[in-house]
Amino acid sequence: MRYITQLAHLGRGDLAVAGGKGANLGELTRAGLPVPPGFVLTTAAYRAYVAASGIGDEIVAAASDGSADDVRALFTAPVPDEIAAELRAARTGLGPAVAVRSSATAEDLDDASFAGQQDTFLDVRGDDALLTAVRECWASLWTSRAVAYRARRGIDPAEVALAVVVQEMVDADAAGVMFTANPTTGARDEIVLAAAWGLGEAVVSGAVTTDDLVVEKGTGRVRSRSTADKAVRTVATGRGTEDRPVPAEQRARPVLDDAEATALAALGTRIEEWFGAPQDVEWARADAAFAIVQSRPITALPEPAAPAPTDWSVPDRSSFYVRASIVEQLPDPLTPLFAELVDGSVTRSLQAVFGELLGRSDVVGESDVALPTVNGYAYYRYSRRGMARLTVASLPAFRALLRRGRESLRARWQERAHPQYVEAVERASARPVDGLTDAELLDGAAELLDAGTTYYTAVQTIIPLAVSSESVFTRFYERFVCRPGDPPAATFLLGFDSAPIRAERSLYDLATWTRARPALVGALSTAPTQSTVAAIDADEPPAGVDAATWQEWCDRFQQHLAVHGHTVYNLDIAVAVPADDPAPLLGTLRFYLDGGGADPVRRQQQAAQRREEATTAVAARLDPARRAVFRRLLRWAQSAAPLREDALADVGLAWPQLRRMLRELGVRLVAAGVVERPDDVFWLHRAEILADPPVPRSDVVAQRRAVWRGQRQVTPPQVLPLGSWWEKAFARWLPASSGEQTGAVLRGIGASVGQVTATARVLGGPADFGRLRPGDVLVASITTPAWTSLFAMASAVVTDVGGPLSHSSIVAREYGIPAVLGTNVATRRIPDGARVRVDGDAGTVTVLDGDGSG
């Protein structure tokens, strides 16, 4: 036959003729699995129909301009006689009722399932009904949802075609779906079953409540089951299908007993092994026998995660554990190598600072202060002795800082701390990594991390001055100066230049240059982000862009990265910085190319003008005494904040070289068969990296990654031990609430005024930046200067950690968007994509979709 191929003759290599569903069913048939007999009407038949009816150009045009709803009306011509004759002949070998299923060439792929995008027809009887169902399947290739899905995947509408699977229908008494890996947790050792009475289409569509079972893959043991009250079932009527009530005695009865669940799971294991990847399987049961009617890859399977921790006990209940200072830049659980390297590094950096300020480094001993982890999260640990010694020493150290004043602090940063850090980075960068031994690479990385943490601790000495100056000014202004209608205190502190603003300006200037080159704009705006990154790495211009223009654009982009590419999203060295992976910046660049965002220079000028006008107006009405205090406190506050932002932006100067050295180790470990990927090095300890002879560690890495993902599901308490007097005494001073919050309204710190109602986008890190859309509310654990590029797109900011003087609040005020910080639970309690109302004046976030239970 010209247009029809039996399932037994098809396999994975026949995607172009049988579509994804048909090719997979052919594979299952060849594997000896219980697949109902049938055949595929190949894509050649679809193309012959489109050619005969003359609708090809109309289809592509309608799909391209977004009017896909009009396409179905084009499929009115009868099926050509030659195709119809083949269908009738092939149909005679099957039972009285058949199932007719769409099978697109862009469907059931490894990276795109397209589940539910095309139509299926059950209980099809007679030749005329079969021909109608086939034509409806062809038309379903062009529904709005299918066209939109393909557009998001970048699939050319002119290239797609549809085959049709025709199988003997299983008149099922029960049916459902089976995932050969847990789609919720990502666990690969679990098979998840959903079962209901009747035919399976209602299960797939979500129209019925199912029994849910979890089966242990290795043993077939049922680990858990939930039996539903199954009110309706889908049944065949002889003229199609309809939903009918489930008999009362069946509603609460399990669809599958343990033996059946084990047998079905065994089929799932065979299917997964045959395809070599976790599968989403549709099954049916009739006459106590199972049939497999579809299998596709699970394309959205999360990475496996261990159970989320619930025990927050600490090794030493007499010590004080707190998440503050440098820990605020570590919102996630630490990777093992970073945790090992940073612990002693932080202690040494504190010793260096006290040695400088007080002339004695013995204020802090190794037993007094450490940076251990609890459930993977970093905590400062202070012993009772250490806390007492630091408390006593901090007062004279702070007085020393105040005596030095703003100019001395600037000189200390610019003339001492910063040059020393730059020198350490340059010294390390001058040594070719491929010429260093493994031990030298690790030692060099440790030295660089010491330089980075010492610099960070030096920068942290600026923070008390910034906090004090802004707090004192704000309190004075609000109590003795502000009148109804006056601007908030923050207005007087905006419009100053800083490193994050300069980084934004650099990217905006690149977008301005790019907009003058339409071909380049087209390429950057439409190409997938990773394709653009690959083109940059390969130095190959995208289609339609000449080589000279592309080279100049790349040079300008590299200049931006050379100056600003070291800013960190997260201090953990496992997280790439923009210099390593510029992909997160490209979303903001596209936003600018589309005309979004304000000119940062003009915005800054306008803020500065409002600041000066407000200052002049307020000062003019004050008496001489208050005017003098107002101006003096204002100068103090205005001098500190930009200095802090500039200093903090350079904390990651060592990170590109740090990561280069450690990834060189990772490449060597891959070559030695120790791990599978270079970045796996971050999940090992020093002794494991240097083991001689090398020992394979891939299983260890996978286990640690799973534990890390489980840990990341929780928000760590700000103070430990829980319930201790430490927690009660210090909770009010911390950058996040220490308690859980229930209900739809979350409370935090109103750090930037205004109200916005918009879609929440919960971002875990730079890998998620591409999901933020203009006008979304940015929800994150914390933001660092490297997140600044997103503020131009966001309509508001909400964080777990942070206060009125954190980076998030400062930048949000510069952009004029509301910010609510320090909620402790926002990333867990706000569903991604929910509508929320952010009230920066009241410090609340209201979840409008659902109850925010997360």
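The values are calculated or read from the model by the stated rules, or taken from the named source; none is laboratory data. Remember, it's a predicted structure, so these values are computed and weren't measured experimentally. Reconstructed Cβ throughout: ideal geometry from the backbone, glycine too, with neighbour counts over all protein chains shown. All accessible areas refer to the heavy atoms of the entire protein, side chains included, with ligands and DNA or RNA removed. Shrake-Rupley method; radii C 1.70, N 1.55, O 1.52, S 1.80 Å.
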Checklist entry - Could you give the alpha-carbon Rg of region 222-311 over 2.2 N^0.38 Å, rounded to two decimals? => result 1.39
Checklist outcome for this item: 1/(1 + (r/R0)^6) with r = Cβ-Cβ of residue 531 and residue 835, R0 = 25 Å, i.e. FRET efficiency to nearest 0.05, evaluates to 0.15
Next on the checklist: With θ taken as phi - 60° and the coefficients 6.51, -1.76 and 1.60, list the Karplus ³J(HN,Hα) couplings across region 304-316 in order, rounded to whole Hz; mark glycine and proline as x.
Outcome noted: x, 10, 6, x, 5, x, 10, 9, 10, 5, 10, x, 10
Item to check | Heavy-atom SASA rank of 418, 9 (probe 1.4 Å, accessible area, largest first) | outcome: 9, 418
Checklist entry - Sequence-distant or interchain residues sharing an amide H contact under 5 Å with residue 223, placed H: which? => result 214, 215, 216
Checklist entry - Hey, what angle do you get for helix 655-671 against the long axis of the chain, alpha-carbon based, 0 to 90 degrees rounded to 10? => result 40
Item to check | Solvent-accessible ranking of 506, 345, largest area first, probe 1.4 Å | outcome: 506, 345
Checklist entry - What list of ³J(HN,Hα) values in whole Hz, one per residue of region 427-440 in order, does the Karplus curve 6.51 cos²θ - 1.76 cosθ + 1.60 (θ = phi - 60°) give from phi, with Gly and Pro shown as x? => result 5, 5, 5, 6, 9, x, 5, 6, x, 9, 6, 4, 5, 5
Next on the checklist: Taking the full set of protein chains and a 1.4 angstrom probe, give the accessible area of residue 708 in square angstrom, rounded to the nearest 10.
Outcome noted: 50
Next on the checklist: List the residues, sorted by chain then number, that are 5 or more residues from residue 324 or on another chain and whose placed amide H is less than 5 Å from its amide H.
Outcome noted: 380
Item to check | Spacing of the two label points (7 Å from each Cα toward its C-beta) at residue 543 and residue 219, in nm | outcome: 5.5
Checklist entry - Just from its helices, what would the mean residue ellipticity at 222 nm be for the chain, if runs of 4 or more DSSP H residues each count -39500 (n - 2.57) and the sum is divided by every residue, rounded to the nearest 500 deg cm²/dmol? => result -14000 deg cm²/dmol
Checklist outcome for this item: Taking Cα atoms only, helix 698-711 is inclined relative to the longest principal axis of the chain by an angle, in degrees rounded to 10, of 70
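Only four residue types carry charge here, +1 at the Cβ of Lys and Arg and -1 at the Cβ of Asp and Glu. Report the dipole size of region 475-560 about the Cα centre in Debye, rounded to the nearest 20. The partial results should precede the final answer.
Numbers: 8 positive and 11 negative charges, 124 e Å.
Computed about the Cα centre, the dipole is about 600 debye.
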Checklist entry - Does region 509-562 classify as rounded, prolate or oblate by the C-alpha gyration tensor (a ≥ b ≥ c root eigenvalues; a/c under 1.5 gives rounded; else a/b over b/c gives prolate, otherwise oblate)? => result rounded
Item to check | Inter-label distance, nm, simple model (7 Å from Cα along the C-beta direction), residue 2/residue 599 | outcome: 6.5
Checklist entry - What are the residues whose amide H is under 5 Å from the amide H of residue 776, where those residues sit 5 or more places off or on another chain and H is modelled from the backbone? => result 795
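Would region 276-352 count as rounded, prolate or oblate if I go by the C-alpha gyration tensor, calling it rounded below 1.5 in a/c and otherwise prolate when a/b exceeds b/c, oblate otherwise?
On the way: a/c = 5.17, a/b = 3.03, b/c = 1.71.
Prolate is the answer for region 276-352, as a/c is 1.5 or above and a/b outweighs b/c.
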Next on the checklist: With the cut-off at 1.5 for a/c, could you classify region 430-579 from its C-alpha gyration tensor as rounded, prolate or oblate?
Outcome noted: oblate
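Taking the mean number of other Cβ atoms within 10 Å as a proxy for protection, how do you rank 532-541, 813-822 from highest to lowest?
Result, highest mean first: 813-822, 532-541.
When only Cα pairs under 8 Å and 6 or more residues apart are kept, what is the percent relative contact order across the chain? Walk me through the intermediate numbers first.
Numbers: 1608 pairs, mean separation 83.8, N = 854.
For the chain, the relative contact order is 10 percent.
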Checklist outcome for this item: Karplus-derived 3J(HN,Hα) from phi for region 95-100 (6.51 cos²θ - 1.76 cosθ + 1.60, θ = phi - 60°), whole Hz, x at Gly and Pro, runs x, x, 10, 10, 9, 10
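What percentage of the solvent-accessible surface of the chain, computed with a 1.4 Å probe over protein heavy atoms, is contributed by carbon and sulfur atoms? Intermediate values should be presented prior to the final figure.
Values: 18340 of 35420 Å².
That fraction is 52 percent.
With every protein chain kept in place and ligands, DNA and RNA left out, what is the accessible area per residue of the chain? Probe 1.4 Å, answer in Å².
Solvent-accessible surface per residue comes out at 41 Å².
Per residue, how big is the convex hull around the C-alpha atoms of region 22-101? Give it to me in cubic angstrom, could you?
130
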Checklist entry - Over the chain, what number does the Rg to Rh ratio reach, with both radii from the alpha-carbon atoms and Rh per Kirkwood? => result 1.02
Checklist outcome for this item: For the pair residue 423 and residue 31, the simple spin-label estimate (label points 7 Å beyond Cα toward Cβ) gives in nm 6.4
Next on the checklist: Using only the alpha-carbon atoms, how far is helix 15-30 inclined from the longest principal axis of the chain? Give it as 0 to 90 degrees, nearest 10.
Outcome noted: 80
Next on the checklist: Please list 482, 137 from largest to smallest accessible area, probe radius 1.4 Å, with all protein chains kept in place.
Outcome noted: 482, 137
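Around residue 701, what is the net charge, scoring Lys/Arg as +1 and Asp/Glu as -1 over all other residues with Cβ under 10 Å from its Cβ?
Around residue 701, the charge tally is -1.
Please give the FRET efficiency for residue 287 paired with residue 745, using the beta carbon to beta carbon distance and R0 = 56 Å, rounded to the nearest 0.05. Please report the intermediate quantities before stating the final value.
Working: r = 55 Å, r/R0 = 0.98.
With a Förster radius of 56 Å, E is 0.50.
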Checklist entry - Quick one: Cα centre-to-centre distance for region 423-437 and region 10-44, in angstrom? => result 56
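Work out, step by step, the length gained on full extension between residue 612 and residue 273: first 0.36 nm times the residue separation, then minus their alpha carbon distance; give nm to one decimal. Could the numbers behind the result be given before it?
On the way: separation 339, 0.36 × 339 = 122.04 nm, distance 7.01 nm.
Taking residue 612 through residue 273 to full extension adds about 115.0 nm, to one decimal.
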Item to check | Share, in percent, of DSSP beta bridges within region 758-854 that are antiparallel, nearest 5 | outcome: 40
Checklist entry - To the nearest 20 debye, what charge dipole does the chain have about its Cα centre, counting +1 at the Cβ of each Lys and Arg and -1 at the Cβ of each Asp and Glu? => result 3700
